[in-house]
C-alpha cells in the first residue's frame, strides 16, 4: 500500500452513497464506469470487475451464499463462457491458477475463446482455511466492515483485508453477515477479494450489498478461504505507485498518480486498486483499474481514476498495484 497526498474535499463529497457506490443505489442498480485517462476499463465499486473474479452476488433479495463447485475426483472440462478468464475459472472451482495453467500447457491465458474447453486439474486445491487441516491457517486480518446506506434503501458494506501471512495469497473469500439491530446475524453473502495475488504485508478491500431492511446493526466479515500461492508469485510482480493525489474540485472526485515497474519483463495486464479513507482512517470507497497497455520493464505510466460522490470527506488515498508477467503466460 502506498500512502498518498490529498486535496481537501468539497462539501459535495459529504453526500450519502451516490455515483461512486451507485451499483446499488436504485433498483435495479446502476453500473457506473469510472472515467479514466489511461485506464478505460476502470470501474468504481460496487460494480464487479469481470477480468478478476466470477460474478458477485448482487443481493437484490435476501442474500443466499452459493456454494462453490468443487474439483471432481476425475478430470472434467469447463466450457468457456462470455466474460470468463482463467483466474475467474480457477476461483470458481477453488483451483490454484498455476495448477490450471499446468494442466492446460497449450492455452493462451490472454486469448481464451467462448466455447473453448479448459481442463480442470485433479487434487489441485491447496486451500488455507481458518482452522482447516490441509495447511496452517492463513493469517489474514479483517477490519470490521463499514456500512453506508443508499438512497434506494440498500446497504453497502466495505471491509479492509490485511495479509499478515508469510505467503502470498490468492482466492481470498469473505463471508459478510448482515446484522440485525440486536446484532444477530440476518443474511449472508460471500465475495471474493478482487486481487489476483496479495503479497505479505499488503492490504486490499472487499464489499457486499444487502437488501433494504438488512444490516440494521451493520455487518461482520469473516475469512472463508485463502489459497497459498507461493508458486503463483513467479507469474506476477508488484507495481510501484507514486504521487497518488485525491482532488474533488467542482464536485468531480479523481485520483491521479503514476505506476512504475521494477520487473525485468513486460507486465500485462496491470491492475490498480485505489482505496479512499476519511480522517478517522475509515474506508469510504474503492475501485480497481485495468491498464490496457503493456507496462514495459523499468518504465512508468500515469493514471487517473474518476469517482462519483463518496460518502465521506476523503483524507487520504492508498493504492495497490500488480501486474502479470507477460512472458510467464503460456502461448498456443
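For the stretch 191-206, name all the residues that are farther than 19 Å from residue 285 by Cα, surrounded by fewer than 20 Cβ atoms within 10 Å (Cβ to Cβ) and either within 16 Å of the chain's Cα centre (by Cα) or free of Cβ contacts under 8 Å to residues at least 24 places away in the same chain (or both).
Selection gives 199 alone.
So which of 143, 165 is closer than 27 Å to residue 232 by Cα, at pLDDT 95 or above and touching a strand residue (DSSP E or B) at 6+ places or on another chain (Cβ under 9 Å)?
When all the criteria are applied, what remains is 143.
This table checks each residue for (1) surrounded by fewer than 19 Cβ atoms within 10 Å (Cβ to Cβ); (2) in contact with a strand residue (DSSP E or B) (Cβ under 9 Å, 6 or more places away or on another chain); (3) part of a strand (DSSP E or B).
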{"position": "152", "(1), (2), (3)": "yes, no, no"}
{"position": "171", "(1), (2), (3)": "no, yes, yes"}
{"position": "181", "(1), (2), (3)": "yes, no, no"}
{"position": "189", "(1), (2), (3)": "no, yes, yes"}
{"position": "239", "(1), (2), (3)": "no, yes, yes"}
{"position": "243", "(1), (2), (3)": "yes, yes, yes"}
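How many residues does the stretch 119-134 hold that are surrounded by 19 or more Cβ atoms within 10 Å (Cβ to Cβ) and modelled with pLDDT of 75 or more?
Total satisfying the criteria: 1.
Taking the condition modelled with pLDDT of 55 or more, crowded, with 20+ Cβ neighbours inside 10 Å, in a loop (DSSP other than H, G, I, E, B) and touching a strand residue (DSSP E or B) at 6+ places or on another chain (Cβ under 8 Å), does residue 112 pass?
no
For the stretch 248-262, what are the residues that are over 22 Å from the mean Cα position of the chain (by Cα) and either surrounded by fewer than 17 Cβ atoms within 10 Å (Cβ to Cβ) or under 15 Å from residue 293 (Cβ atoms) (or both)?
The answer is 249, 250, 251, 252, 262.
Being part of a strand (DSSP E or B) and more than 23 Å from residue 158 (Cβ to Cβ) is true for just one of 233, 260, 205. Which residue is that?
Only one candidate passes the filter, namely 260.
So, in the stretch 271-318, of the ones that are within 16 Å of the chain's Cα centre (by Cα) and surrounded by fewer than 24 Cβ atoms within 10 Å (Cβ to Cβ), which residue ends up farthest from residue 253 (Cα to Cα)?
Looking at residues that are within 16 Å of the chain's Cα centre (by Cα) and surrounded by fewer than 24 Cβ atoms within 10 Å (Cβ to Cβ), I get 290.
Consider only pairs whose beta carbons are under 9 Å apart and that are at least six residues apart or on different chains; among these, list those whose first residue lies in the stretch 165-182 and is at positive phi and not assigned by TED's automatic domain parsing to the domain that holds residue 90 and whose second residue is surrounded by fewer than 20 Cβ atoms within 10 Å (Cβ to Cβ) and not in a strand (DSSP E or B).
So the pair list comes out as 171/94.
The values are calculated or read from the model by the stated rules, or taken from the named source; none is laboratory data. Note that the structure is predicted; figures quoted are calculated from it, not measured. Ideal geometry is used to build each Cβ from the backbone, glycine not excepted, and the neighbour counts take in all protein chains shown.
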